[in-house]
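Engineer: Pasting a structure below so you can have a look.
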Amino acid sequence: MADKPTDLVQGTLDMLILKALALQPMHGYGIGVRLEQMSKGVFRLNAGSLFVAFQRLQRAGLISSEWKATENSRRAKYYALTGQGRKRLERETREWGRQVAAIGRILEAS
Amino acid sequence: MAFLRSMAVGFRSLFRKERVEAELDEELRVFVEMAAEAKMKGGMSREDALRAVRLEQGSREVTKEMVRSAGWESFLETCSQDVRYGFRQLRKNRGLTVVCALTLAIGIGATTAIFSVVDSLLLRPLPYPNSHRIVRIWNTFSPRGMTELTASEPEFLEYRETQTLAHVAGFALGSVTLTGRGEPARLSDNWGTSDFFAVLGTPPALGRSFSPDEYEPGHNQVVILSHHLWQDRFGSNPSIIGKPVILDGQSCTVIGMMPATFRAPTGDIDVWQPLPIAANSSNLGNHYLNLVGDLKPQVSLEQSKAELQTTLARVEQKYPAYYSEAVGLGVNLVPLREQIVGNVRPTVLVLMGGVAFMLMIACTNIASLLLAHGEVRKNEVATRIAIGAGRARIIRQLLAENLLLLLAGGAAGLAVAYVGLKLVPVEQSLPFQQVGPPSLDSRVLSFAVIICMSTGLLFGLMPALKTSHPVLNEILKERGRGAMGSRHQRRTRSVLVMSEIAFSVVLLAGAGLMIASLIRLLGVQLGFDSANVVTMRVSLPELRYPNGRSATFYKDLQEKVRSLPSVRAVAIVNQLPMNEVLANSSFEIEGRQLETGTNIANTQVISPDYFGVMRIPLIRGRALDERDLNPMPSTVVVNQTLARKLWPDEDATGKRLRLKSEAPWLTVVGIVSDIKNEGSRKGTKPELYFLYTEKSFGLWTDLRSMTLVVRTTSQPEQLVSAIRGELNSLDPDLPIYKLQTLEEIVSASTSQVRLPAVLLSVFAGIALLLAAVGVYGVLAYTVAQSRREIGVRMALGAPRQHILKLFLGLGIKWAALGGSVGLMAAFILVRFMRSMLFEIGPYDPTIFLSVAGVLGIVVLMACYFPASRATSVDPIVALRYD
């Protein structure tokens, strides 16, 4: 069996992909680059994890895909947020904020 | 919603695999191109960029595999791989596969067949709505230990007023002759009172039920047919309803036909007719009514019984003179199912237990075979784990193999069950007439599936877990050590073998007890000679045989049959031996008052040659003679039991007795030796033999129906058509029925013991064989695994005897431990067989000792061959081996 990321990482990766798509539809490579840029190089994602996540998100109905021409007039599969995906992103962002705040409080408590 | 989408996408990738694959391929290619382009912008050459990307991203195939295996559909795919692989494995080990599948087929098949019997007798509801509320109502008479007495009309009329039962109905059983439709046929007839069908809750399938006025005397010339009679005699023609048929020479209108699934509570019934009972009947002496009733909802059996008991007391008060002699009369209610299956329940349950044991042995055997096979495959498994297979996947693969085995075994098992039910004559000794035949219906099939699953878990999971759990370095270590396998594996195998032995001991003990019972039963001296005697019953309808004619008819018939070639002797009798219920009567003797209880005897009505035909020896005096008729009989012959009981110290001949005060005195002229008239399982009762006369002389027996008994010089079956011809020449409208040889009758009477004896022996035989195969297999395997050790021992000078003893000792240890556990279990379990046994106690020491002996011999035999093979090991070859 292939190694799976832990649940936390898995959930987080999904959230990050949704965030990356929040502005506009993007193709797989673009998403990878964008995540790397946004995290200032902390997250380097390989194609395997990304594509597994795309497949998962798409099956959950959070993103949709479509083959389109790129700016370099190459055909690529573009992923876009669905309405459901947007709602999920909002919820997860809120939840994440709450969790980070809570964890922060715990860590600073002592 | 998301689930549905995931399903849809999953199916798409399953069924449009290439398309999905191509899309993923293209997407990945674009990804790599873009990544390379980005790098080329930094000044790399195209080649270097592509290489760098590949280094960064890993192999494209691995990526694709990751994406593929993330979906649920990949689970299905690997499963189908497992199945295909399992199939190949099974084909490769054809011998093992066949042995396992056969073992399973026998185990599952026998279990399923017996379960279908259990289901139809004990579990499935009887074929009536509210069947659990239907009860049989019996009078009881505790002073004589009688528990199933039929009721009289006044008693029935009073019971019918009950508050606790919704309906009470009476019925009487008999037979009528159907004429005018091909060969005359004797039909079993059930005369029921008005609520009979209401109690059973079943209306006719065609036509209507009896109307109230048809229960009036004189208006009851109507009949309802059974489904099978309607098929056999009326060609399933619905237009028969409303037409007349001739029953006992009288015209009766067919008004209905019962459904095919309807079963009479007493067994095979051909026709139903109304039984009129006058509302003011005071017929106290004739106790002929069988009673059934259905409890009202919320009423318990006990409540109803208590109520009927007080009802009976009311009847007793109403007719004090009649009941004054019958102090101790009571009422008993028996649930209908209990009435039907009560006496066969132990047999059926013991058979179920026996077959379950056999199945356990089959499972154990397969488990130990697979375990041994697993050891052989340890290297394969270790290699697979080494190159990255997960344990779950290995277990799944092994289970897939077992599942295939199970499917093959289960399917073959159903075939075994089907054939088994057809071949084994269960109908004869179990009451399927009343409950419907056993069948492989959906209930039984689901049982079979459950059995398959649980056996699969039993025999499959343990070896799979063990095989999938190799500790790699241990395998290497063991290969180096080459001893008799690790302690752990050895213990598992020993436990399996010992439990097989224990299970078969239990079965052997059960079978042994049944066989001993059967031998004793077959060895019972019946007191008559059953070889070469054919019997058949003839009934003369009252209409066509009025006074004086039936005696002439029977006389003519005997004479005609006597003149046939190869007929030795001919006689008639009112009732044949091996009959559970014989007509009996009370009587009185001259000069002495008999106590209640000693004045009852079975009443046999015979023609003078009966003792000759049956070869019943005369002990004293002479046989009956036609000249004793004047025209009523003046003489009687008694059996030894009666003579001994009534005149222990005197000569019985010359004494006089009579049936009741107004009947003529009869002189005892002879004493015949006892016969087992009520079947070999029962003792002989006092019996009186009277000469046949047409007019009853105080007897309660139907003298219009007599059984012809014919002793022949050759096979009696060949004579049947000749006898039928003679009968037809006398009266073409008389049916011959109950045509049987005396040997068949005797053999049928032992079927209650024979069926479990034969089946348990078969189970025990198979169990023993399986256990022997198991012992042989495991020991042979142990020997094969220990070749190195044997080689070392021999090289160091161990004599061959020593090696032989070493391995035989292993077998003896298994036999001793497994055998004693089995004997203990048997000791606990055989008490459930007590009611099935005949003249042998469940704890018979001979049986237990023989079981131990048989087991010891079989285990030693099974051990001898592998053990002696061990001694033939050549130390040089063995040490070089592996």
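All of the numbers you see were taken from the coordinates with simple rules; none came from a lab. Fair warning: this is a prediction, and the values are worked out from it, not measured in the lab. Note that we place each Cβ from the backbone using ideal geometry, even for glycine, and neighbour counts take in every protein chain shown.
Engineer: Quick check: the angle from helix B:46-57's long axis to the longest principal axis of chain B, C-alpha only, nearest 10 degrees?
Structural biologist: Long axis of B:46-57 versus the principal axis of chain B: about 50 degrees.
Engineer: For the protein assembly as shown, go through all pairs of different Cα atoms, get the mean of 1/r, take its inverse, and jot down that Kirkwood value in Å.
Structural biologist: The Cα-based Kirkwood calculation yields 36.6 Å.
Engineer: Suppose we look only past 29 Å in the calculated P(r) of the stretch B:131-341. What percent of the Cα-Cα pairs does that tail hold?
Structural biologist: Value for the stretch B:131-341 (Cα pairs over 29 Å): 29 percent.
Engineer: Under 22 Å Cα-Cα from B:Lys296, which lysines qualify once same-chain neighbours fewer than 8 residues away are excluded?
Structural biologist: List returned: B:Lys305.
Engineer: For chain B, what relative contact order do you get, as a whole percent, if you take Cα pairs closer than 8 Å and at least 6 residues apart?
Structural biologist: Reported relative contact order: 15 percent.
Engineer: Averaged across orientations, what area in nm² does the convex hull of the alpha carbons in the stretch B:138-215 project?
Structural biologist: With the hull built on Cα positions only, its mean projection is 8.1 nm².
Engineer: Okay, moving on. Neighbour counts of other C-beta atoms within 10 Å: give me B:Met498, B:Met66, B:Met258, A:Met38 arranged from fewest to most.
Structural biologist: The order, fewest Cβ neighbours first, is A:Met38, B:Met66, B:Met498, B:Met258.
Engineer: Taking every DSSP beta bridge that has both residues in the stretch B:131-341, what percent is antiparallel when rounded to the nearest 5?
Structural biologist: Percent antiparallel among DSSP bridges in the stretch B:131-341 is about 85.
Engineer: Rg and Dmax of the stretch B:545-732 over Cα atoms: what are they, in angstrom?
Structural biologist: Rg and Dmax of the stretch B:545-732, Cα atoms, are 16.9, 52 Å.
Engineer: Can you list, bin by bin at 20 Å, the percent of alpha carbon pairs in chain B, starting at 0?
Structural biologist: Result returned by the calculation: 11, 31, 28, 18, 9, 2, 1, 0.
Engineer: ³J(HN,Hα) across the stretch B:603-608 via Karplus (A = 6.51, B = -1.76, C = 1.60, θ = phi - 60°), whole Hz, x for Gly/Pro?
Structural biologist: 10, 9, 10, 9, 8, x
Engineer: Roughly how tilted is helix B:17-41, in degrees to the nearest 10 and between 0 and 90, from the longest Cα axis of chain B?
Structural biologist: It works out to around 20 degrees.
Engineer: Fewest first, what order do B:Thr311, A:Thr82 take by the number of other Cβ atoms within 10 Å?
Structural biologist: By the 10 Å Cβ count, ascending, the order reads A:Thr82, B:Thr311.
Engineer: Which lysines have a Cα less than 28 Å from the Cα of B:Lys560, not counting those fewer than 8 places away in the same chain?
Structural biologist: List returned: B:Lys695, B:Lys738.
Engineer: Specify the angular offset, from 0 to 90 degrees and rounded to the nearest 10, of the alpha carbon long axis of helix A:83-109 from the longest principal axis of the alpha carbons in chain A.
Structural biologist: 30 degrees
Engineer: Which lysines have a Cα less than 16 Å from the Cα of A:Lys87, not counting those fewer than 8 places away in the same chain?
Structural biologist: Candidates past the 8-residue exclusion: A:Lys19.
Engineer: Next question, about the same structure. Using helices alone, what [θ] at 222 nm do you get for chain B, with -39,500 (n - 2.57) per DSSP H run of 4 or more residues, divided over all residues and rounded to the nearest 500?
Structural biologist: When only DSSP H runs of four or more count, the value is -17000 deg cm²/dmol.
Engineer: I would also like to ask the following. What average count of beta carbons from other chains do you get within 10 Å of the Cβ of residues in B:63-76?
Structural biologist: Per residue, the average neighbour count from other chains is 4.
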